[in-house]
Amino acid sequence: MGLLAFGDTGWGDELFYATLMTIAVSITAMFIGFLFALIFTPLKLSKNKFFNLIGNSYTTVIRGVPELLVIYLFFFGGSGAVMYVASIFGYNEYIEINAFITGSFAIGIISGAYSTEVFRGAIQSIDKGQFEASQVLGLKRFVYFFKVIMPQMLRLAIPNLSNVWQITLKDTSLISVTGLVEIMRQSYIAAGSTRDPLFFYSFAAVLYLLLTFLSMKLINRLEIKYSRGF
Amino acid sequence: MITSLPKLLGATVVTLKLLSLSLFFGLFIGLLFAILRLNKNKIINKFAYGYSYIFRGTPLLVQIFIIYFGLGQIEYFRSTFLWVVFKEPYWCAIIAFSLNTGAYTSEILRSAFQTIKPGFIEAGKSLGISNKIIFYKIQIPIAIRQSLPAYGNEIILMMKGTSLASTVTLMDLTGVAKYIISTTFKPIEVFIVAGSIYLFMTFVIHNLIKFLEKKYGY
């Protein structure tokens with residue numbers, strides 16, 4: 001167990017910070033995913049064929065292409081794209097984007113595609129009468145969306161969102177290829193310098209199991225809270 | 001963009017080989033563990049549950065790394081005949097993928113077995129059909145039909161999972177795409193070509209499953 005000691009002699013503190021990094025990336029990615037879902041869910045549900053096509057292409061492409069390929073696209077293409085945009089505004093210096101931002105963005109886009117599908121499904125399974133009733137009552141669109149549809153949708157979406165969270169959490173392990181020091185990367189470094197890959201990768205597996213287990217417990221409590229009264 | 005196409009198509013063959021072999025072994029592992037899950041013995045049941053929980057709760061990348069980098073560390077293991085298989089990254093990847101997809105498949109099949117109406121089995125019993133034949137001729141065909149849509153999703157997930165083989169030095173579609181990107185520095189073009197190949201495979205799998213669902217539907 002000396003390998004896991006805190007301080008200079010072991011890898012305990014490094015792995016602890018790496019775990020915090022994994023959690024931070026997962027939460028950021030999930031949040032970015034929600035933002036994407038907020039844009040693309042209405043597009044997918046729209047009656048306009050063009051908007052519909054944009055929404056559908058987003059979810060089909062992202063869900064049909066490996067996560068690793070998307071990460072490589074952002075890793076190799078991210079700073080190029082930002083520099084191109086910057087050059088339009090007259091800034092020609094080299095820009096390097098931080099691995100945390102690239103990684104969260106790549107995972108966020110993937111997570112967003114899954115969230116979009118979840119929200120679409122949840123909205124579609126809300127009883128049609130609810131929409132009609134709010135129209136008859138003359139509710140403003142804003143009130144009707146946030147006070148009538150949103151609470152019902154969240155209740156239906158939470159169980160599936162917990163799946164999306166699990167996928168997102170596990171996908172963050174792939175950002176290790178870009179050099180961001182999260183659980184996988186730290187285990188790789190530790191395994192390389194101690195020549196004990198079996199121990200460190202198994203420990204990484206335990207950390208991920210712990211994270212998925214604890215987050216499931218937390219989400220179950222949320223689920224109970226939101227399904228009160230039904 | 002055009003010049004990279006032959007290389008990427010060649011790598012697609014590797015991806016397809018990895019996928020088909022993993023699915024083949026994974027189906028057997030999944031069926032075995034689904035049957036163990038339905039066993040009434042608590043220890044066997046817990047063991048099968050533990051297997052699927054661990055493999056579904058950890059990233060595939062960790063599983064490949066444990067099998068490829070981790071197992072080689074055990075001295076005793078290197079002296080056994082198994083080492084012939086485990087020293088090859090190709091077989092390590094296939095073993096990791098099979099175990100992973102086996103865990104998901106076992107869950108899919110278990111829920112399919114559990115949703116079979118007891119009436120079917122009772123009907124079989126009252127007709128005097130033996131338990132073995134009930135299992136092979138009634139339960140398995142119904143379970144396969146029930147699990148087709150979920151299994152189709154699993155095939156697509158596994159196809160995306162094979163991209164991780166590139167992390168253990170295998171040159172599959174993603175591996176070659178990464179190599180071309182890092183030498184030519186044209187990420188967007190290569191992404192479009194490799195992405196389209198993946199999308200095409202997804203499309204084919206999706207429609208194949210749809211066709212099978214229709215064929216075996218009732």
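Restricting attention to the range A:189-209, report how many residues are more than 8 Å from chain B (Cβ to nearest Cβ) and over 15 Å from B:Ile67 (Cβ atoms). Qualifying residue count, the range A:189-209: 8. Taking B:Phe55 as the residue in question, decide whether it is more than 19 Å from B:Met171 (Cβ to Cβ), open to solvent by less than 70 Å² (accessible area, probe 1.4 Å) and touching a residue at least 60 places away in the same chain (Cβ under 8 Å). Criteria not met by B:Phe55.
With respect to the stated conditions, A:Val82 fails to be under 16 Å from A:Tyr114 (Cβ atoms) and free of Cβ contacts under 8 Å to residues at least 60 places away in the same chain. Within the range B:166-190, the set of residues being in contact (Cβ under 8 Å) with a residue 12 or more places away in the chain, of a type outside the set (Ser, Thr, Tyr), closer than 25 Å to B:Phe65 by Cβ and within 10 Å of another protein chain (Cβ to nearest Cβ) comprises B:Asp172, B:Leu173, B:Gly175, B:Ala177, B:Lys178.
So A:Asn52 ticks every box in (1) touching a Leu at 6+ places or on another chain (Cβ under 9 Å); (2) touching a residue at least 12 places away in the same chain (Cβ under 8 Å) but one. Which box is left unticked? Condition (2) is where A:Asn52 drops out. Assess whether B:Ala103 counts as being within 22 Å of B:Ala48 (Cα to Cα), assigned to a helix (DSSP H, G or I) and within 14 Å of chain A (Cβ to nearest Cβ). Yes; evaluated as a whole, the condition is true for this residue. B:Phe47 satisfies every condition listed in (1) aromatic (Phe, Trp, Tyr); (2) crowded, with 16+ Cβ neighbours inside 10 Å; (3) free of Cβ contacts under 8 Å to residues at least 12 places away in the same chain except (2). Being at pLDDT below 95, open to solvent by 70 Å² or more (accessible area, probe 1.4 Å) and part of a helix (DSSP H, G or I) is the requirement here; does B:Ile66 meet it? No. B:Ser126 meets the conditions (1) of a type outside the set (Val, Ile, Thr); (2) more than 19 Å from A:Tyr201 (Cα to Cα); (3) touching a helix residue (DSSP H, G or I) at 6+ places or on another chain (Cβ under 9 Å) in every case but one. The failed one is (3).
The values are calculated or read from the model by the stated rules, or taken from the named source; none is laboratory data. The structure displayed is predicted, hence computed values, not measured ones. A quick note on method: Cβ atoms are made from the backbone with ideal geometry, for glycine too, and the neighbour counts reach across all protein chains shown. In case anyone asks, the SASA skips ligands and DNA or RNA and just uses the protein heavy atoms, side chains included. Shrake-Rupley method; radii C 1.70, N 1.55, O 1.52, S 1.80 Å.
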